[in-house]
């Protein structure tokens, strides 16, 4: 009995351990992030060299005037570093909830996020 | 001459005596022709030394009736001489002589009733030694028939030479004379070497050929009525007439002209001198009256002292009689009209190389002179002049008075014209009533003048120099003093027009006579009122105009001119396009010289000095100054097109006590003094002071690259200026410079913008550095003390670099960047450090911080605040929220809590006891701004025995989501609190303690470490910029 209890406890621990790590789901395909996305007037572009850009046409900003950032995608954790011209950095982290060829969604710890669709 | 006359006389006498002897013999003994012939042959050698050939000699009754004469056929005198054209001296085909024998026998008088020589040929020859073939008649020395024994009175009643030919050759002078068709009729008497004769000669053709004289006359008649005494003194009247005579003395003097001479003369053969009394020479229709003396010297020189006058001459005809050399020297001149010569004298020697001096008073009547290089002929020329014609040296004319017309110009001239036959040399005073249009032909084609002027000109010049100067405009050859008083003056050259109701001109040539070392022309212009225009846009009114100038080398183009000009005005009103300038008593000095490098063109230097000066550029700029001095220079480069590269201008401006008004700027700009040096490469400000509104500035420094910037706006104009001030209102300064140099497209108003917005547009194409040192300044709501630092404006970007200043709230350091790529997309970035700032004052100074970090208004006290932020702005300076990025660090000690209500709510819920003392022992906050989200990284708050960690998000819509964890408390519980909702309606709810281990190093998780590392990075990067 003690042996079975030990096996059950071990399985539970393994199960918990597994559930605590980020898990790639079928909804997130990291290879699909590259390209240009938009959610309404908000646009984001992810380039293969780890840089990207964001602009909002509602504020009369064009892609040529977009602000750049660097990014990394580790599992579903999307990290953005926005380097300002005045020598400062704004760090942002998001949890990607969906990423495929057509749609891309993420949100931060406060529940704020975007649901993009790819711009052809 | 005298000897020749003697020889001729003796020869003639010998022939006559010979004939008389024949007659005597015939009457006494001869009864037949043969006997008579033989007798003549027998006695001829008694009189003639050469061979004599005789044909038949016979008595004649009928041909000499009522006297009996002798007729001899074919009389020939043969006297060969080497060099003679013929060995025959004379050949007379028929000789008829009859004499009055009664008179011969009884009265010792030889009366030749008739002596006719028909078809005679006479060959006279003199060799180089002076031996003549005519020396064949025996004289007293070689014959018994001596002069002393020949004391007969010879009375010639009829001596004729018919259809004869005479040739004369003189080897000494290489002279050849030929007289053909000669008929001679002589009447007179001869005794004791005295001849009283009437001679009539005519010839079909006479030629005379000498080395320097060729004469040919057809149908020549010569009559002489007079006497010859002692073979020496000739008195009588000689008349010569020919309808066709040619005379060449090296060049043609007469050519197929009709010549009539009437010479009452008294001539002495001993000294070969004579007197003409009322002699007259008629050449064609022109008469020359002669009185005076003539002498022929031993060397054949002819010395003359004659008075001379003419009838009215037609000038064109007279010109044809002038020597060719004279005609050629006057080839550029055409004369016409009437001319008369009076009171003339011909005095001097005439020979192969000399001409006598001729003086004469010359009068013309409505003559005309056309000089080929002048645009108009001189007409109505009435001249009274004294001619001094010396063909050996120089011939001169003294012009007593000359009136003429030159197109519409009336001329009155007096003076001298020298060297007539070579290079006409004028020394004249000319007065003229001159319509300015008449000098059009003397000016370059692109120059027109109008008006009417009174001219008074003293001038010295040669015609050659005048012609050259009119051709190449080099006036240094001419000498002149002139005054022109011009009415209704107008001048046009290309696009330049000038006019004046009255203009006085003084002219001096060459300029060196007025100013040492100057060349060309000196001109002084004076006008009370002069207007000038250049093109359609530039106009100037000049009052009290006085110009003194020297100009040289203005033949080809403006850039060749050597010009020194001093212009003084009592008033200048100048308009160029929208620019208007009114100057009081301005003075301008202009010097232009051609560049030493041909490709460069003109070098010019201008000094402008004015007292009171007002100017404006439309309504945009108004200027009023107490004094303005500009020293400018230009160096032309003809290979360049644009203004700066073509002229390479330099200018030194000095302005004192000026006021400038700029449209759009309410404040007047006061300039106590400004002094700057401008050239195409650099604008250099010497110590200059300006007052703009509330601001005062002293500026010093340089701006370079102006030419490159104007040529191409992609190039940068660079400036390095030091700006010191007691007070600056930066708001006014930004208004002053807004929009300079920007592309109009950048400024175009787009539909999304508010058209009324007028944001500050940073100038492009410039790289300016300002070193700033200001005691006090204001910007927006800031009061800035001891402001110092650097400001750069570089190609559309304005940077305030490490500007340090203090105000009542803090010591501050600001680095800011502002760009204006387009009107509705303005970039603002700043790196702002406030040390020892009072939070309340900070929020008052920069209310926007309260929006970004609303929790700040909860506290009060001194803190350090470091923030780096950037955002794009709309045209109304409102931030584009989607572009907002910022990071901030706030550190404080011993802060008090202002929002006690909220703090009480929090402490109550967290079971924190503060006993009514709401003080924050320490605060260390890092936050970032991204778009509308302000994220506060977890930070520690110490309140007495309690410590708490707070974090959260603040949105610009006033919503928030905060969490506070109590980490240190005397109580055993560690509570957490979530604060959510709108700032005006917060919701508080207890929650698990989220950060209980964040500040416990031994228990921190990786996430905690990462959070603290980011906080440190943010704080360190911000503080790194503090000086």
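The values are calculated or read from the model by the stated rules, or taken from the named source; none is laboratory data. Remember, predicted model here, so these are calculated numbers, not experimental data. Heads up, the Cβs are rebuilt from the backbone with ideal geometry, glycines too, and the neighbour counts pull from every protein chain shown.
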**OP:** Report yes if residue B:799 is in a strand (DSSP E or B), within 14 Å of chain A (Cβ to nearest Cβ) and in contact with a strand residue (DSSP E or B) (Cβ under 9 Å, 6 or more places away or on another chain), otherwise no.
**Re:** yes
Subject >> Odd one out for residue B:954, checked against (1) away from chain A (no Cβ under 14 Å); (2) buried (at least 20 other Cβ atoms within 10 Å of the Cβ); (3) within 22 Å of residue B:850 (Cα to Cα) >> reply: (1)
Original post:
Is one or more of the residues making up region B:174-192 modelled with pLDDT under 85, surrounded by fewer than 18 Cβ atoms within 10 Å (Cβ to Cβ), under 24 Å from residue B:90 (Cα atoms) and assigned by TED's automatic domain parsing to the domain that holds residue B:117?
Top reply: no
Subject >> Of all residues in region B:592-608 being assigned to a strand (DSSP E or B) and surrounded by fewer than 17 Cβ atoms within 10 Å (Cβ to Cβ), the one that is modelled with the lowest pLDDT >> reply: B:605
**OP:** Say whether the condition of being out of contact with any helix residue (DSSP H, G or I) (no Cβ under 8 Å at 6 or more places or on another chain), surrounded by 17 or more Cβ atoms within 10 Å (Cβ to Cβ) and not in a strand (DSSP E or B) is met by at least one residue in region B:393-411.
**Re:** yes
**OP:** Report, by residue number, each residue of region B:503-523 that is over 17 Å from the mean Cα position of the chain (by Cα) and crowded, with 17+ Cβ neighbours inside 10 Å.
**Re:** B:503, B:504, B:505, B:514
Original post:
Looking at residue B:339, is it part of a strand (DSSP E or B) and more than 28 Å from residue B:468 (Cα to Cα)?
Top reply: yes
Original post:
Restricting the search to region A:64-77, which residues are away from chain B (no Cβ under 12 Å), touching a strand residue (DSSP E or B) at 6+ places or on another chain (Cβ under 6 Å) and surrounded by 13 or more Cβ atoms within 10 Å (Cβ to Cβ)?
Top reply: A:70, A:71, A:76
Original post:
Mind checking whether some residue in region B:567-583 is within 16 Å of the chain's Cα centre (by Cα), at pLDDT below 90, buried (at least 17 other Cβ atoms within 10 Å of the Cβ) and more than 19 Å from residue B:527 (Cα to Cα)?
Top reply: no
**OP:** Tell me, please, whether a residue that is in the same structural domain as residue B:343 (by TED's automatic domain parsing), more than 21 Å from residue B:338 (Cα to Cα) and in contact (Cβ under 8 Å) with a residue 60 or more places away in the chain can be found in region B:384-394.
**Re:** yes
Original post:
Can you name every residue in region B:472-498 that is over 18 Å from residue B:426 (Cα atoms) and not in a strand (DSSP E or B)?
Top reply: B:472, B:473, B:494, B:495
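Rundown of residues vs (1) surrounded by fewer than 14 Cβ atoms within 10 Å (Cβ to Cβ); (2) within 14 Å of residue A:27 (Cα to Cα), yes/no style:
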site	(1), (2)
A:86	no, no
A:90	no, no
A:94	no, no
A:101	yes, yes
A:109	yes, no
A:112	no, no
A:115	no, yes
**OP:** Go through (1) more than 10 Å from every other protein chain (Cβ to nearest Cβ); (2) in a strand (DSSP E or B); (3) more than 16 Å from residue A:66 (Cα to Cα) and name the single condition residue B:816 misses.
**Re:** (1)
**OP:** Hey, can you tell me all the residues within region B:991-1027 that are within 14 Å of chain A (Cβ to nearest Cβ), out of contact with any strand residue (DSSP E or B) (no Cβ under 6 Å at 6 or more places or on another chain) and not in a helix (DSSP H, G or I)?
**Re:** B:1005, B:1024
Original post:
within 14 Å of another protein chain (Cβ to nearest Cβ), over 21 Å from the mean Cα position of the chain (by Cα) and either at pLDDT 95 or above or not in a helix (DSSP H, G or I) (or both) - does that describe any residue in region A:24-46?
Top reply: no
**OP:** With the condition kept exactly as written, say whether any residue in region B:971-990 is touching a residue at least 40 places away in the same chain (Cβ under 8 Å), within 14 Å of another protein chain (Cβ to nearest Cβ) and assigned to a loop (DSSP other than H, G, I, E, B).
**Re:** no
Original post:
Would you call residue B:221 assigned to a loop (DSSP other than H, G, I, E, B) and either assigned by TED's automatic domain parsing to the domain that holds residue B:134 or touching a strand residue (DSSP E or B) at 6+ places or on another chain (Cβ under 6 Å) (or both)?
Top reply: no
Original post:
With (1) crowded, with 18+ Cβ neighbours inside 10 Å; (2) more than 19 Å from residue A:84 (Cα to Cα); (3) in contact with a strand residue (DSSP E or B) (Cβ under 9 Å, 6 or more places away or on another chain) as the list, and residue B:838 as the residue in question, which single condition is left unmet?
Top reply: (1)
**OP:** For region A:70-114, enumerate the residues that are closer than 20 Å to residue A:55 by Cβ and in a loop (DSSP other than H, G, I, E, B).
**Re:** A:85, A:86, A:108, A:112
**OP:** Considering each residue of region B:928-950, count those that are at the interface with chain A (Cβ under 10 Å from one of its Cβ atoms) and assigned to a strand (DSSP E or B), and give that number.
**Re:** 6
**OP:** Return the total of residues in region B:620-647 being over 26 Å from residue B:564 (Cα atoms) and in contact with a strand residue (DSSP E or B) (Cβ under 9 Å, 6 or more places away or on another chain).
**Re:** 7
Subject >> Residues (under 19 Å from residue B:995 (Cα atoms) and either out of contact with any strand residue (DSSP E or B) (no Cβ under 6 Å at 6 or more places or on another chain) or at pLDDT 90 or above (or both)) located in region B:912-935 >> reply: B:926, B:927, B:935
